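Reading through the structure tokens given below for one structure.
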Amino acid sequence: GALLVSERIDREELCGALSPCSLSFEIVLEKPLELYSGAVEIQDINDNDPVFPSGQARLEISESVAAGARFPLESAQDPDVGINSLQTYQLSANPHFVLDVQTRGDGSKYAELVLEKELDREEQRELHLVLTALDGGSPPRSAHVQIHIDVVDSNDNAPVFNQSTYKASVRENTPSGTLVAKISAYDLDDGPNGDIIYSFSSHTPAKVRELFALDSATGELRVKGQLDYEETKLHEVYLQAKDKGAVPGVAHCKVLVEVVDVNDNAPEVTVTSVYSPVPEDAAPGTVVALLSVTDLDSRDNGLILVRVSDVNDNAPKSSQDFYDVYVLENNVPGIPILNVSATDPDLGRNGHLTYSLLQGDTTVGHLFSINRESGTLYLLTSLDHEDQVEFSMTVQVQDGGSPPLTTNLSVSVFVTDLNDNAPTVLYPLPNSTSSYTDVVAPGTPAGHMVTKVVAVDADAGYNAWISYTLLQATDPTLFSVGLHSGEIFTTRQLQEDEAPQHTLVILLKDHGEPALSASATVSISVAERVKEALTDLTDMVPAHDPRRHVTFYLILAVILVSAAFFITIVSVGIFKCYKWRQSKELFNSSRSTLYRTPGPFHHVDAVRGGFMPPNFYHQVYLTTDSRQSDLLCKKPFTSSPLGSRQNTMRNGEPGPYHQIVGTTSRLPTPTE
């Protein structure tokens, strides 16, 4: 049972930077059957020196750089781990710089030069420093790099990143060339001093540079190598932006790239056979083999899943049950006005939703249409606010299950008004051949209302608010018009020597944007008596107007029609009263013979038997002179292949279904 080393072990070759480093094994014992897992941890020794990428580093630092500026230095690499790995850096003594050692997220160390005293190129053109890297072994191992610093004249504006740390996530096994992040920096300098070049900072490990590529012009960081979540879950990419000045200004940023796990590892089943063959008399419960299942993926990607099939048990749901949409009138046909959205947590066809309009109103189907797949509601024609203000419809959302489940959503479309109608003048009538003249007597005091301009606007709200303005007048000092009423008033007392005729042009304007307007012309006569005004008006009418007698004929026609209508009303009233009295007398005389065969009826056009059973309905056809009419009784309706027929007999026998039809609009009730 002894565990022996079969060959020389190199921890760095087996595990690299991974710590702790262990090798796993399994041991099977028989009689009794048992399985044990074991692991051998490989401990590190300090057998590797720190190594710098190069033996010399060169920096160019402007003399204008302020104290406190930081300059990253090349990091040394030590393959040992733990205390034997790289632990610190030391800088040779100098009056200008101190060393600041930082720790990365993975525990590794890097150094930055911090300017403690400003440089002066005229005093010292260059500096030589020595950077030493030390590990934590006993005794410690070390490495050295020569740092040569050139002091040059200043490029006084260094690039500046819009953020110091960028965060991005990318799925493992992402193909090469995929964009991870885009860094951006700006430089206030002009010309080459303001042109920026992006590059990897010296802090970025070589492994990271193999996985990512950086575009020096655009700052786009893209995948270059093969990312593996199981190897590294987070990458720290250190980047810098440098301008093209004689002494380049440098800015630094960090990109944290999180690797997202994908299910790229199949479960591994390990079968450990205990003994074979199995005896035929083996007892139930005998262990034949041991099975172990492992998956290198994380979280859900590493489980053994049991799939549950979906049933259509969820109806579509929307975030709101009704939608209100406002559309300007005179719209362009075919525009989308609403996107109805719904969700269904079911899978596959059970969760596939289609949208349709329920055809409750045929008008809606001609004006609106909905995309079955996206739920976008389209307006097919141009709407007019003055024609209809509101449309209501129902959108049905249906899934693809069997049977399908549906949800109805209410949609109200409101047509908002545009100022597309100018004011319409009702009085005085525009473009009329007749002349309307209002008369006012001399001596009329100021403030007297002479007439009123009446107008309407088919628009609504503010667009229909009409204002009236006096545009032209024979005497602008004599009349004024109400701004919102259209009423024309005298502004002063009328004198005897006023002009006999005045013509006013009134401007009517609504308050839409842009405003629409119309005009009305008002004629006002200044006369002592109406006769004088009419005389003046007659003088204005042409002497041979063929329509001068039209008014007389119209008045005569109105009088004749009114007289005829009055006579007709009186006659109908007298006739109705006469017939009602005859019907009442007939009902009183025939009350004792109500259930007998109907005899001849006199002095009545139609009588309905109010006491007949519900299944009897008589029909009597009588002429205006009912004394000479015959009683026509219809037989009951009978079904036939050609439909319902009615057989008419010229006799007085009542059938099981008859109807009485006459000319009287009102029949006596049994109580009468």
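Here are the numbers for this structure:
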{"quantity": "Convex hull projection area averaged over all views, the stretch 424-526, Cα basis, nm²", "calculated": "6.4"}
{"quantity": "Kirkwood-based Rg to Rh ratio, the stretch 176-220, C-alpha trace", "calculated": "1.03"}
{"quantity": "30 Å Cα-Cα threshold exceeded, pairs from Lys109/Lys233; Lys117/Lys233; Lys182/Lys317; Lys182/Lys207", "calculated": "Lys117/Lys233; Lys182/Lys317"}
{"quantity": "Pair Ser341, Phe322: separation of 7 Å Cα→Cβ label points (nm)", "calculated": "2.2"}
{"quantity": "Residues whose placed amide H lies under 5 Å from that of Leu471, excluding near-sequence neighbours", "calculated": "Val505, Ile506, Leu507"}
{"quantity": "Förster-model FRET efficiency, 30 Å R0, Phe552 and Lys452, C-beta, rounded to 0.05", "calculated": "0.60"}
{"quantity": "More than 19 angstrom apart: percent of Cα pairs within the stretch 317-416", "calculated": "41"}
{"quantity": "Selection from Ala185, Phe212, Ser164 lying farthest towards where the dipole of the stretch 160-260 points positive, charges on Cβ", "calculated": "Phe212"}
{"quantity": "Packing rank of 394-400, 210-216, where each peptide gets the mean count of other beta carbons within 10 Å, highest leading", "calculated": "394-400, 210-216"}
{"quantity": "Simple spin-label estimate for Thr469 and Val570 in nanometres, 7 Å along Cα-Cβ", "calculated": "5.9"}
{"quantity": "Separation between Cα centres of the stretch 172-224 and the stretch 333-412, rounded to whole Å", "calculated": "48"}
{"quantity": "Among 184-193, 323-332, 31-40, the order from most to least packed when residues are scored by Cβ within 10 Å on average", "calculated": "184-193, 323-332, 31-40"}
{"quantity": "10 Å binning of all Cα-Cα separations within the stretch 267-371, expressed as whole percents from 0 upward", "calculated": "10, 20, 18, 14, 11, 10, 8, 7, 3, 0"}
{"quantity": "Evaluated over the stretch 160-260, the Cα radius of gyration and Dmax, each in Å", "calculated": "14.0, 47"}
{"quantity": "The stretch 1-66: translational diffusion in µm²/s, Stokes-Einstein, Kirkwood Rh over Cα pairs, 10 °C, 1.306 mPa s", "calculated": "93"}
{"quantity": "Kirkwood hydrodynamic radius over Cα pairs of the stretch 467-506, then Stokes diffusion coefficient at 4 °C and 1.567 mPa s, in µm²/s", "calculated": "122"}
{"quantity": "Inverse of mean 1/r across different Cα pairs in the stretch 56-152, Kirkwood, Å", "calculated": "14.2"}
{"quantity": "Heavy-atom accessible surface of the stretch 71-225: percent carbon and sulfur, 1.4 Å", "calculated": "47"}
{"quantity": "Solvent-accessible ranking of Cys21, Cys15, Cys577, largest area first, probe 1.4 Å", "calculated": "Cys577, Cys15, Cys21"}
{"quantity": "Within the stretch 424-526: Cβ-based charge dipole about Cα centre, in debye rounded to nearest 20 (Lys, Arg +1; Asp, Glu -1)", "calculated": "60"}
{"quantity": "Accessible surface of the stretch 424-526 [probe 1.4 Å, protein heavy atoms]: carbon and sulfur percent", "calculated": "55"}
{"quantity": "Whole-number percent relative contact order across the stretch 424-526, with pairs defined as alpha carbons under 8 Å at least 6 apart", "calculated": "34"}
{"quantity": "Relative contact order (%) - the stretch 160-260, alpha-carbon pairs under 8 angstrom, separation at least six", "calculated": "39"}
{"quantity": "Length released on extending from Ile559 to Glu26, taking residue separation times 0.36 nm less the Cα-Cα span", "calculated": "179.5 nm"}
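The values are calculated or read from the model by the stated rules, or taken from the named source; none is laboratory data. Just so you know, these numbers come straight off a predicted model, no measurement behind them. Glycine also receives a Cβ, built like all others from the backbone with ideal geometry; neighbour counts cover every protein chain displayed. Calculation scope for accessible area: heavy atoms of the full protein, side chains included, ligands and nucleic acids excluded. Shrake-Rupley method; radii C 1.70, N 1.55, O 1.52, S 1.80 Å.
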